[in-house]
Structures are given as structure tokens and as C-alpha cells.
1. On the basis of being within 17 Å of the chain's Cα centre (by Cα) and part of a helix (DSSP H, G or I), does S14 make the cut?
2. Being farther than 18 Å from V302 by Cβ and either in contact with a Lys or Arg (Cβ under 8 Å, 6 or more places away or on another chain) or touching a residue at least 24 places away in the same chain (Cβ under 8 Å) (or both) narrows it down to one of G75, G33, G10, so name that one.
3. Quick check, is T136 over 25 Å from the mean Cα position of the chain (by Cα) and over 27 Å from Y338 (Cα atoms)?
4. Does region 83-130 hold any residues that are in a helix (DSSP H, G or I) and farther than 20 Å from S169 by Cβ, and which are they?
5. Just checking: which of the strands (runs of 3 or more DSSP E) contained wholly in region 213-318 hold 1 or more residues that are away from ligand 2 (no atom under 16 Å from the Cβ), touching a helix residue (DSSP H, G or I) at 6+ places or on another chain (Cβ under 9 Å) and not aliphatic (A, V, I, L, M)?
6. Check E281, E276, E320 and return the single one that is more than 21 Å from K200 (Cα to Cα) and either among the charged types (D, E, K, R) or surrounded by fewer than 19 Cβ atoms within 10 Å (Cβ to Cβ) (or both).
7. Yes or no: region 245-256 includes at least one residue that is without any contact (Cβ under 8 Å) to a residue 40 or more places away in the chain and either open to solvent by 10 Å² or more (accessible area, probe 1.4 Å) or of a type in the set (G, A, S) (or both).
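The values are calculated or read from the model by the stated rules, or taken from the named source; none is laboratory data. On a predicted model such as this, the values are computed, not experimentally measured, just so you know. Glycine gets a Cβ as well: all are built from the backbone with ideal geometry, and neighbour counts include every protein chain shown. Accessible surface areas use protein heavy atoms only, side chains included; no ligands, DNA or RNA. Shrake-Rupley method; radii C 1.70, N 1.55, O 1.52, S 1.80 Å.
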Amino acid sequence: MKILILGSGGREYSIARAISNEAVNHKLYFQPGNGATSELGTNLNIKDYNELADFAITQGIELTIVGPEAPLVDGVVDIFKAKGLTIFGPSKEAAQLEGSKVYMKNFLAKYNIPTARYIETDSIEDAFKFTDTLPTPIVVKADGLCAGKGVIIAQSHDEAKIAISEMLSGKSFGDAGKKVIVEEFLDGYELSMFAVCDGKDYILLPAAQDHKRLLDNDQGPNTGGMGAYAPTPLVDETLYQKVKERIIRPTLDGMQAEGAPFEGVLFIGIMVVNGEPITLEFNVRFGDPECEILIPLMTSSVSDMFLKASTNRLSEISVEFSKLFAVGVVMASENYPYSSSTPAEIIVDEVHHTEIAEYTHISFAGVSEEDGKLYANGGRVLVCVGLGETIKQARDRAYMRCGQVHFAGKKLRTDIAYQAL
Ligand code: AMP
Ligand code: GLY
């Protein structure tokens, strides 16, 4: 197949890597891709979605896979479908599950899907009144996309009120903060679950845990994610069943009833409180770095899964997973997540050890290429992934691989998967 992948991160690289390793030969294109995806296919520079769709038609692209949320919220799927193309991802309307927290919370309430008690409002008086009914800490969220920064966990009522005032005045997040959500704080452990959906049917992937804080022991600022592992032993069959029955099924049925059937990856942020799964948030795409550890656990064809999901035929296939565990450790640039860093050459030692060669690999993200050399280009640079029969073995292998990657200012957490060990 000729396949176009939208995005430039480790997530998109990991999908491309898996597809490149399939027995059948595929031809890959990336918009825009990164300095390492050019090894796997052709990087494009066509920013306009209509032009990109026309390119897909003339090149005979049979499948487009969208990685990040921004093109989805902008309606890239609707544009491609209107031109008769096959594309994996939700429509603009369905992408509101991520694009608008107000849409998501109201949807959850309408279909009785468990979530934190909340109020959604643009009135400062109503927000303050509800705040006074909650114990601390109190969670305040801006409505729109804020690159992961729109959530404040306030330790006092005053702090919550300041956050509300700043959001509603447009001071913190501009238009994205025109409406706020104030909600109760849920005390439990967090999971990421991913369902690949075709509007009606879905495939549930092994549950993962992300590590959002920059530093060991969950200290420091929030990031896009510094590492992940799966499957997590914190989820048993009973919990999977509860997530399927209480969250995924009613979400797919509800979105159909809304006239916006959900196709694509439903990423459910879950807080488990006293054994009960509660929906924290939805995203409408794979998590990054969760994708980098989940894709390598699939033993059946990854390209076929995306193709069947985008043509409403998931019921025709069964997706197989290996019995191994996967751990991914993110290596980030010096100034991440605050600011950009000066490009630094990446040296990857040659792997001599057969165990490391067989059970680890690297998914490249924030890298550029010049004269055959790779440079760390800021942000999250790459993810070292280790597979193993236990989480500990997978983790040891991932860290061994990290030891073979060098660039100035490299930054990583040393405790990925600690909750499972
Ligand atoms: P969100 O973007 O809604 O997922 O929020 C980002 C992070 O804030 C989540 O991953 C949680 O760690 C935390 N969070 C959000 N809502 C709550 C809540 N109601 N209770 C506790 N933590 C929360
Ligand atoms: N790793 C969390 C995310 O992709 O949003």
C-alpha cells in the first residue's frame, strides 16, 4: 500500500517503523515527518489540507493515518473523505471529544459515563459558588486545546478562584479559556487506555501508564510524557470489563446517536478510585510515548488494522498482541519543556549485544538530519523502547539502550515503570 502519515513525532515514527517491518512492501509518505522518518519514506512539505488531499489522489495513496490532534480538530478527515480518500481518524465533530472539554464533559454526563463531578460555565459567580461546595484540592480546566497546560490543580479555594478569574478574563489561555470547568479532585492511580474504533466496533489495546512529570518521583513540571510501559499489572480482567461496559461501549453508541460516529483512536485518561474507573479525559489520537510501546506489542499487521478501522471493517479482523512487556524511556533536549535547545549531534553506538539488538529499538521524534548526521532538535528527541518477559527485563533493556545514545544536554527519567516494580 501507499500510506501517508501526518505528524512528526515518535508516535508517527513508531507506526511507520512497524509498517516498514511488515512482510508486504509499503511505500510511506510523511507530512511533515522528521529527520529520521526520511529513512523510512518520503517527507513532504504540503501544509494545506486540500492540497495534501489532492497530492494523495494523484499519488494513489490508499490510506492516510493522522497522528496528532491539531489536524483532526481542524477537520483534515472531513476534507480527505469529501474527496473520496481513506483516512484513519475522527471527523472534526467527533474530535471535539478532545478539542473541547465542555463538549466532552457534557457528552459524558448525557450518556451516564462516569466522570468527576463538575460545573461548566462562563460565569465567574457560578464557578465561585460551585468551588465553595468542593473540598480541596480543586481542579480548574480551560475549555479549549492548551497544549496540555490548561489544567490547574488548586490547593486552596483562593487559588482555584484566581485560576478561574484568569481563565475567564482571557488572561491565561485567550479564547481557549472563555469557558471553564471546575471539578472535584479524584484521588487514585492514573491509566491510559486506547481503543482503535471504526465507528461501531473497537479493539482495546493493553493498558499503559504514562509519566507526565519531567523528573524522577513525579517531580517537576508537566510534560507531554517522559516514558510509558504496558501492559500494566494494575489492571485486571474485571477492570478491563468495567472500562468496556461503562466507558467505551456507551461512548461509541453515544457518538453514533449524536450523528458523529467515532472512528480513530479513543484515548481514555482514567483515574481508578477504589477499583472503579472514572473518565478524566478523552483524546482522539494515540498518546505519545504510549504509542511507541503499544505498537511494538502488536504481532498482527498494523497497517491492516488502520485500514480496516478506516473502512468500518474492524469486525473482520482480530488484532494479536505479544506476551511481552514494553517500556519506553524518553530522551529529551536540555531545555525541555521550557524552551528550545541548540541542535546537538546524536551519536548512537553500534549494538553488538544480540539481546539488545533483538529486544530494543529507538523511535525518533525531535530530530533533524544534515549530511547523514542526526541532530537533537529540541523537545522530546527520541524514545528507547525495550521489550521483555517481565517489566523489569523490558525496563533494564530500555535503559541499556539509553546508555548507547549520546547528545549534549540529554535528559531522561531513571524511574520509568516504578509503579509496576
Ligand atoms: P487532563 O488534560 O484533563 O487529562 O488533565 C491533565 C492531568 O491533570 C491528568 O492527567 C491528571 O493527572 C490531572 N487531573 C485532571 N483532572 C483531574 C481530577 N478531576 N482529579 C485529579 N487529577 C486530575
Ligand atoms: N502522553 C500523553 C499524551 O500523549 O497526551
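1. Yes: the conditions hold for S14.
2. Unique residue meeting the criteria: G75.
3. Yes: the conditions hold for T136.
4. Passing the criteria: Q96, L97, E98, G99, Y103, M104, K105, N106, F107, L108, A109, K110.
5. 263-273, 276-283
6. After applying the criteria, what remains is E276.
7. Taking every residue of region 245-256 in turn, at least one turns out to be without any contact (Cβ under 8 Å) to a residue 40 or more places away in the chain and either open to solvent by 10 Å² or more (accessible area, probe 1.4 Å) or of a type in the set (G, A, S) (or both).
Yes or no, residue by residue, for (1) of a type outside the set (D, E); (2) open to solvent by 20 Å² or more (accessible area, probe 1.4 Å):
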residue	(1), (2)
F30	yes, no
T37	yes, no
N43	yes, yes
E51	no, yes
I61	yes, no
